[in-house]
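Report on the structure given below.
The values are calculated or read from the model by the stated rules, or taken from the named source; none is laboratory data. What you are looking at is a predicted structure, and each value in this text was computed from that prediction instead of being measured. Methodologically, a virtual Cβ is constructed for each residue, glycine included, from the backbone with ideal geometry; neighbour enumeration extends over all protein chains shown. When the accessible area is computed, the model is the full protein with side chains, heavy atoms only, and any ligands, DNA or RNA have been set aside. Shrake-Rupley method; radii C 1.70, N 1.55, O 1.52, S 1.80 Å.
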Amino acid sequence: MPASITKTPDADAERRLREAEERLREAIEELQRRQRSHGGDGSEPPCHHASDESCVANAIGNLCQSFLLSYGVRVGIGILLRAFKLARGQSYSSLLDLKQLVSEKDLIVREEACRIGLLFGGFTGSYHALRCLFRKMRKKETPLNAILAGSISGFSVLALDDPSRRRTLALYLLARVAQCAYNSAKSKNKFHLWGSYWRHGDSLLFAIACAQVMYAFVMRSESLPKSYQDFIQKTGPVAAPVYKAVRESCRGGPIDVAALSAYLSRKGKLNHVKLEEFPSIIPCSVIHPDTDSCLGHNAKAASATFRKTFPLYFSLTFVPFVVLRLQKFMEAPARTCWLALKDAVRSTSFLSAFVGIFQGVICMHRKVASKDHKFVYWVAGSIAALSVLLEKKTRRGELALYVLPRAGDSLWYILVNRHLLPDVKNAEVALFCACMGGIMYYLEYEPNTMAPFLRGLIRRFLASRISNPNPPSNRSASYTYLHNLDAMNPPKLQESKEAETSSQKYNLESIPGL
């Protein structure tokens, strides 16, 4: 009998057992929530930390742990990128020289890492403190406690001094809250969008977001954060004076002939291109003066993008997993490195294909049209977004929700600039606080509505300290059973979950100075 047939019953039994364990776990968690919300005999419900530890000590301990974790992730990414830069310069011996590798002159991450640490640590510590305070004040555990604690703790976003970064983060959380609310309504058969069961709905959302971002980059670059502009500019193969000329040409105004002439002169192509003050379209000979072949230019652009962005993607994949799951990394370091390398190659290929397709659409338009239009760049961004199909299915939704706030940020700026929306000072702080209240509600009371990546990441920072691995003595018997149930998972199942988790990218916000 074939081996595949004999293994099927075992696989089905394991799947049914896993589903039964998951249903049991959800039932126990629901029972615990109901017990906490009723408050037993009318006395205040017990706190979730160890009974021999005060609420203040628990909050401070979790604050310190989250600060160190986020600080370590940021510094680790900076050091790894610095190592790639030194290795690219053929200075392999300098990798052993700490003065060159981690000197403050070349690795400016201290302030940035501290701000990120204060953001995550401040939120974690204040959230734990406020949850304990509300339990004692209200003498019961209700969803309002989580909403209030999350909203007030959201003021930790003030640790970031850049309003544009705070706005981007707030819009990202708004997209996540909307996702949770929609999943909650859909699971209860209250509401669902037409086309929500489409197989590639996440890719469609990603395409719409990328279309807005690329249009904004070409036509309204000031509507994007400076760090994001720099990242797209460095990743793409077209120079800034050319984008400026394209923007001016689409608006029907005169182009900066002097700046464009200086750029072409540096390339040695000034005598081969005829420049006009009011061109109907910027030709391919100006967009890529290094080569006359559009196909060769696009292939070269994709290859250059791969070389430039691979170190960043590898760092964003490898460092967070090592810092946040050090014990698992120590158990299988080679496997972790291989998974990080494989996922980094896949993600870098996706971004390289995006750049090549975007430039290809621009060149193709110039082959068939004699007049430029700003809508072309919106279409080019949406078509280039099809490269997301190179990514894993589980990653496409994450990428869509990562780019969507960027598109919303750009649209917000344009509407405010045109006086269609009021310019309210610190509106992003209020939005962030409101969204964190919603996020913490769904995390504690409807966790299945939240994306696994985000749920696992928040729980990692909100978890009890590493130095206190044992369950508190005031936990109920159902909690102890739940803890033991997690420990009884088959090793193969745990390994598969670890592999899936390690494949997720920690899409940190744009990193200045890299």
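For F314, the conditions (1) open to solvent by less than 40 Å² (accessible area, probe 1.4 Å); (2) free of Cβ contacts under 8 Å to residues at least 12 places away in the same chain; (3) of a type in the set (F, W, Y) are fulfilled apart from (2). If you go through the stretch 436-450 and keep only what is touching a Ser or Thr at 6+ places or on another chain (Cβ under 9 Å) and open to solvent by less than 60 Å² (accessible area, probe 1.4 Å), you end up with M436, G437, G438, M440, Y442, E446, T449.
Selection over the stretch 284-305 of residues that are buried (at least 18 other Cβ atoms within 10 Å of the Cβ), under 20 Å from F231 (Cβ atoms) and without any contact (Cβ under 8 Å) to a residue 60 or more places away in the chain gives a count of 1.
Would you confirm whether any residue within the stretch 205-213 is free of Cβ contacts under 8 Å to residues at least 40 places away in the same chain and open to solvent by 30 Å² or more (accessible area, probe 1.4 Å)? Checked the stretch 205-213: no residue is free of Cβ contacts under 8 Å to residues at least 40 places away in the same chain and open to solvent by 30 Å² or more (accessible area, probe 1.4 Å).
Return the residue satisfying two criteria in turn: it lies in the stretch 27-45 and is open to solvent by 70 Å² or more (accessible area, probe 1.4 Å) and assigned to a helix (DSSP H, G or I), and of such residues it is modelled with the highest pLDDT. Among residues in the stretch 27-45 that are open to solvent by 70 Å² or more (accessible area, probe 1.4 Å) and assigned to a helix (DSSP H, G or I), the one modelled with the highest pLDDT is L31.
The combined condition, being among the hydrophobic types (A, V, I, L, M, F, W, C) and in contact with a Cys (Cβ under 9 Å, 6 or more places away or on another chain), is fulfilled by C363. When the stretch 83-115 is limited to residues that are at pLDDT 75 or above and open to solvent by less than 30 Å² (accessible area, probe 1.4 Å), the one that is farthest from V157 (Cα to Cα) turns out to be A83.
Would you mind finding the one in D343, D290 that is of a type in the set (D, E) and in contact with a His (Cβ under 8 Å, 6 or more places away or on another chain)? Explain how you work it out, then say what you get.
Values: D343 fails: in contact with a His (Cβ under 8 Å, 6 or more places away or on another chain).
Just one listed residue meets the conditions, D290.
The set of residues from the stretch 244-277 being in a helix (DSSP H, G or I) and among the hydrophobic types (A, V, I, L, M, F, W, C) comprises A245, V246, C250, V257, A258, A259, L260, A262, L264, L270.
Does any residue of the stretch 181-200 turn out to be among the charged types (D, E, K, R), in contact with a Gly (Cβ under 8 Å, 6 or more places away or on another chain) and more than 30 Å from K425 (Cα to Cα)? No: the stretch 181-200 contains no residue that is among the charged types (D, E, K, R), in contact with a Gly (Cβ under 8 Å, 6 or more places away or on another chain) and more than 30 Å from K425 (Cα to Cα).
Considering only the stretch 151-160, I want to know if a residue exists there that is within 30 Å of P46 (Cα to Cα), outside any helix (DSSP H, G or I) and touching a residue at least 24 places away in the same chain (Cβ under 8 Å). Within the stretch 151-160 (the criterion being within 30 Å of P46 (Cα to Cα), outside any helix (DSSP H, G or I) and touching a residue at least 24 places away in the same chain (Cβ under 8 Å)), the answer is no, since none of the residues qualifies. Among the residues of the stretch 237-244, is any open to solvent by less than 20 Å² (accessible area, probe 1.4 Å) and either in contact (Cβ under 8 Å) with a residue 60 or more places away in the chain or charged (D, E, K, R) (or both)? Scanning the stretch 237-244 turns up at least one residue that is open to solvent by less than 20 Å² (accessible area, probe 1.4 Å) and either in contact (Cβ under 8 Å) with a residue 60 or more places away in the chain or charged (D, E, K, R) (or both). All of (1) modelled with pLDDT of 80 or more; (2) closer than 27 Å to L316 by Cα; (3) in contact with a Lys or Arg (Cβ under 7 Å, 6 or more places away or on another chain) hold for L399 with one exception: (3). From the list R220, R199, R176, R138, the one residue that fits, being crowded, with 18+ Cβ neighbours inside 10 Å, basic (K, R) and at pLDDT below 90, is R176. Residue-level check: of (1) part of a helix (DSSP H, G or I); (2) modelled with pLDDT of 85 or more; (3) under 27 Å from S349 (Cβ atoms), P241 misses just (3). For the stretch 261-282, the condition of being at pLDDT 85 or above and within 21 Å of K308 (Cα to Cα) holds for none of the residues. Taking each residue of the stretch 379-405 that is part of a helix (DSSP H, G or I) and looking for partners that are charged (D, E, K, R) and modelled with pLDDT under 90 with beta-carbon atoms closer than 6 Å, six or more apart or interchain, yields V388/R396; R396/D202; G397/D202; A400/D202. Quick check: is even one residue across the stretch 398-414 in contact with a Gly (Cβ under 9 Å, 6 or more places away or on another chain), farther than 11 Å from C210 by Cβ and surrounded by fewer than 20 Cβ atoms within 10 Å (Cβ to Cβ)? No.
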